[in-house]
Amino acid sequence: MKPRENSLLPLEDAREAALFFVVGALCFLAALAALSAKSTYGAARAWTAEVEGEYTVSLSGADATAADEAARLLAGLDGVITARAFSDAEINALLEPNFGKSGLPADLPVPRLIAVTGAADAEDLGARISIALHDAGHSAAVDAHAEWAGDVRHMLSISRIAALSIVALLSATAIAVIAFATHAALLARRDIVDVLHVAGAKDRFIAGLFERRFWLLGLRAGTVGALVALASVAILIALGRSGAERSGLLPQLSLDFPDLAVLVVTPVIAGLAARIAAGITVMRSLRSVM
């Protein structure tokens with residue numbers, strides 16, 4: 001005859017409402033941290049892909065005509081896809097955040113800028129651009145955007161590691177809380193455990209009762225935490241779409257398939273962690289008193 005587990009160890013207990021809230025909150029924070037780590041990785045890949053092969057050429061003491069001639073010269077180099085000289089309006093737009101709409105005085109010389117896009121497999125393109133401009137009599141400085149991409153990748157990698165560390169810390173905290181709650185529940189029902197031992201119940205059977213109870217608690221709490229995280233991300237996405245234009249460098253939360261997969265597995269991981277923590281705690285506690 002199948003044991004009546006509900007009468008021995010109820011699957012629900014009003015005293016565990018606080019534990020349910022704590023586990024749910026930890027799952028919510030862990031899901032957000034995981035989604036942030038994923039979006040940070042996506043932002044790093046997208047931004048570095050955009051700047052690879054991009055160069056900015058600064059011509060000193062050149063006018064618009066000389067800048068156009070230099071751009072045509074660079075467009076003919078092997079490995080150069082496009083080369084375009086900035087117009088006066090574009091240069092003023094770049095200076096406006098720092099100097100206002102009035103810009104710099106008309107008599108102050110401003111370098112002319114040329115945007116160059118090179119092929120991904122072009123070798124030593126920056127050096128060849130400098131040599132070509134120098135041979136043509138231009139005083140130029142070449143800035144390869146890829147040099148900045150390495151620093152950005154390093155910074156975003158640190159942010160991603162930090163987010164994953166937060167996920168690990170929250171998971172460990174949840175396991176510790178469940179282990180403590182399991183030990184407290186075992187002490188509160190010590191009389192039932194003693195009766196089961198007298199009746200011949202093995203430690204594995206008793207541990208199974210607690211495992212099932214905390215498996216369901218972790219599953220329900222993880223589901224609530226994942227749903228709250230889903231709602232929070234949806235609200236942030238809606239606010240981001242209705243707000244000002246965002247920078248392409250900053251991570252952007254999304255709800256694509258990998259994000260939804262993270263939210264789906266969150267309750268399962270919470271339930272499994274709660275089950276394993278409860279089982280280990282009960283087995284160790286029972287063996288320590290034998």
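Just so you know, all these numbers are worked out from the coordinates, no wet-lab data involved. This structure is a prediction, so every number in the text was calculated from the model and none was measured. Every residue, glycine among them, receives a Cβ derived from its backbone with ideal geometry; neighbour counts consider all protein chains shown.
Using a simple spin-label model with pseudo-atoms 7 Å out from Cα toward Cβ, Leu255 and Ala184 lie 3.5 nm apart.
Run the numbers for Ala162 and Ala119: contour at 0.36 nm per residue of separation, minus the present Cα-Cα distance, in nm. Please list the in-between numbers first.
On the way: separation 43, 0.36 × 43 = 15.48 nm, distance 3.43 nm.
Taking 0.36 nm per residue and subtracting the Cα distance, the gain is 12.1 nm.
Residues whose amide H falls under 5 Å from that of Phe86, counting only those 5 or more places apart or on a different chain, are Leu113, Ile114, Ala115, with hydrogens built in the peptide plane. Among 121-129, 67-75, 275-283, sorting by the average number of other beta carbon atoms lying within 10 angstrom of each residue, highest first, gives 275-283, 67-75, 121-129. Per-peptide packing, taken as the mean over residues of other Cβ atoms within 10 Å, places 56-66, 206-216 in the sequence 206-216, 56-66 from highest down.
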